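Here the structure is laid out as structure tokens; the discussion comes afterwards.
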Amino acid sequence: MTPDLFESVAPPLPGEAAAEPLAEGAVVLRGFALPAEAALLDGLQRVVAQAPLRRMVTPGGFTMSVAMTNCGALGWVSDRRGYRYAPRDPGSALPWPAMPQAFARLAVAAAARAGFPGFAPDACLVNRYEPGARLTLHQDRNERDFGAPIVSVSLGLPAVFLFGGRERSERPRRIPLAHGDVVVWGGPARLRHHGVMPVKSGDHPLLGGCRVNLTFRRAA
DNA sequence: AAGTACCC
DNA sequence: ACAG
């Protein structure tokens, strides 16, 4: 039996989901996070207990619809002064919670599976989308260098991910994402615009009426 | 512009 | 469409 034929018949092993190409340097790993589901939810609970979710304000003075917190050495924050990475939670002046081991392990494994070995994330942004919450098309460009990929883990309610181009004017692709899906983009795709359509109301067995996204980056 | 407003 |  050839390796090709075997792969086509065998069920995917845990953590070895098929890589669905999105663009050069970008893939969707369907269900990749499912084997770590319980550990991820446990880590999420601990992070949110220590650094509460809050809706940040953009430089333009608007309150974001997505509630955010962070874990790891650095956290992404926004206020009237701008977007940046900070070592402490502005709400408590305490360092962000440590990145749970299950988070880091999953992010590193997903990056490697997507063709980015050696990913060493120092920042994990936790985004909570209640019904109607969205992110307009944007680029991740507050990191010091763009050599490392972005790893995005979807949990809870489904959502439509927008994946655009380097130019904001390029019409984005619409990618449905479900609980457990992981999107990775880097290399030539690192600076592509992306966003999330308004999340529809629903009820997820584990997360209830919300979507949670974990975004892993190398910020410094 | 990680946002909202307004027009069709 | 719109500005910082």
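The values are calculated or read from the model by the stated rules, or taken from the named source; none is laboratory data. Predicted, not measured: the structure shown is a model, and the values here were computed from it. Note that each Cβ is placed from the backbone with ideal geometry, even for glycine, and that neighbours are counted across all protein chains shown.
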Q. So which strands (runs of 3 or more DSSP E) are wholly in the range A:110-220 and hold at least 2 residues that are surrounded by fewer than 15 Cβ atoms within 10 Å (Cβ to Cβ)?
A. A:135-138, A:173-177
**Q.** Inter-residue pairs, beta-carbon under 6 Å, first farther than 18 Å from residue A:185 by Cα and in the range A:129-142, second outside any loop (DSSP other than H, G, I, E, B) and hydroxyl-bearing (Ser, Thr, Tyr), 6+ apart
**A.** A:133/A:65; A:134/A:65
(Q) Cβ-Cβ distance below 6 Å, separation of 6 or more or different chains: which pairs start in the range A:163-176 with a residue that is farther than 10 Å from residue A:195 by Cα and touching a residue at least 40 places away in the same chain (Cβ under 8 Å) and end on one that is aliphatic (A, V, I, L, M) and away from DNA strand C (no atom under 16 Å from the Cβ)? (A) none
Q: Would you mention how many residues in the range A:196-220 are more than 18 Å from residue A:181 (Cβ to Cβ), of a type in the set (A, V, I, L, M, F, W, C) and over 15 Å from the mean Cα position of the chain (by Cα)?
A: 1
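Only one residue in A:126, A:160, A:182 is modelled with pLDDT of 95 or more, away from DNA strand B (no atom under 13 Å from the Cβ) and touching a helix residue (DSSP H, G or I) at 6+ places or on another chain (Cβ under 7 Å). Which one? Reasoning before the result, please.
On the way: A:126 fails: away from DNA strand B (no atom under 13 Å from the Cβ); A:160 fails: touching a helix residue (DSSP H, G or I) at 6+ places or on another chain (Cβ under 7 Å).
Among A:126, A:160, A:182, only A:182 is modelled with pLDDT of 95 or more, away from DNA strand B (no atom under 13 Å from the Cβ) and touching a helix residue (DSSP H, G or I) at 6+ places or on another chain (Cβ under 7 Å).
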Q) Could you count how many residues in the range A:38-72 are in contact (Cβ under 8 Å) with a residue 60 or more places away in the chain and touching a Gly at 6+ places or on another chain (Cβ under 7 Å)? A) 1
Q. Residues in the range A:91-105: is at least one over 21 Å from residue A:68 (Cβ atoms), more than 16 Å from DNA strand C (Cβ to nearest atom) and exposed (fewer than 13 other Cβ atoms within 10 Å of the Cβ)?
A. yes
Q. Out of the residues in the range A:160-193 that are within 16 Å of DNA strand C (Cβ to nearest atom) and either of a type in the set (D, E, K, R) or in contact with a Phe, Trp or Tyr (Cβ under 6 Å, 6 or more places away or on another chain) (or both), which is nearest to residue A:29 (Cα to Cα)?
A. A:172
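Could you grab me the full set of residues in the range A:185-217 that are of a type in the set (D, E, K, R) and more than 13 Å from DNA strand B (Cβ to nearest atom)? Explain how you work it out, then say what you get.
Keep residues of the range A:185-217 that are of a type in the set (D, E, K, R), which gives A:190, A:192, A:200, A:203, A:211, A:217.
If the condition is that a residue be of a type in the set (D, E, K, R) and more than 13 Å from DNA strand B (Cβ to nearest atom), then A:200, A:203, A:211 are the ones that fit.
Could you tell me which of the residues A:41, A:74 is modelled with pLDDT of 95 or more, within 19 Å of the chain's Cα centre (by Cα) and over 20 Å from residue A:150 (Cα atoms)? Can you show your working first?
Working: A:74 fails: over 20 Å from residue A:150 (Cα atoms).
The unique qualifying residue is A:41.
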Q. For the range A:61-90, what are the residues that are among the hydrophobic types (A, V, I, L, M, F, W, C), more than 16 Å from DNA strand C (Cβ to nearest atom) and more than 13 Å from residue A:44 (Cα to Cα)?
A. A:66, A:67, A:73, A:74, A:76, A:77, A:86
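Could you grab me the full set of residues in the range A:59-82 that are closer than 19 Å to residue A:199 by Cβ and of a type outside the set (A, V, I, L, M, F, W, C)? Quick ask: steps written out before the conclusion?
Applying the first criterion (closer than 19 Å to residue A:199 by Cβ) to the range A:59-82 yields A:62-69.
Once the filter is applied, which keeps residues that are closer than 19 Å to residue A:199 by Cβ and of a type outside the set (A, V, I, L, M, F, W, C), the range A:59-82 yields A:63, A:65, A:69.
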**Q.** residue A:110, sole failed condition from (1) within 15 Å of DNA strand B (Cβ to nearest atom); (2) in contact with a Phe, Trp or Tyr (Cβ under 7 Å, 6 or more places away or on another chain); (3) touching a residue at least 60 places away in the same chain (Cβ under 8 Å)
**A.** (1)
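For the range A:32-81, list the strands (runs of 3 or more DSSP E) that sit wholly inside it and hold at least 1 residues that are among the charged types (D, E, K, R); which are they?
On the way: elements: A:54-57, A:63-71, A:75-79.
In the range A:32-81, A:54-57, A:75-79 are the strands (runs of 3 or more DSSP E) which contain 1 or more residues that are among the charged types (D, E, K, R).
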Q: Evaluate the range A:11-30: report whether one residue or more is at pLDDT 95 or above and of a type in the set (Val, Ile, Thr).
A: yes
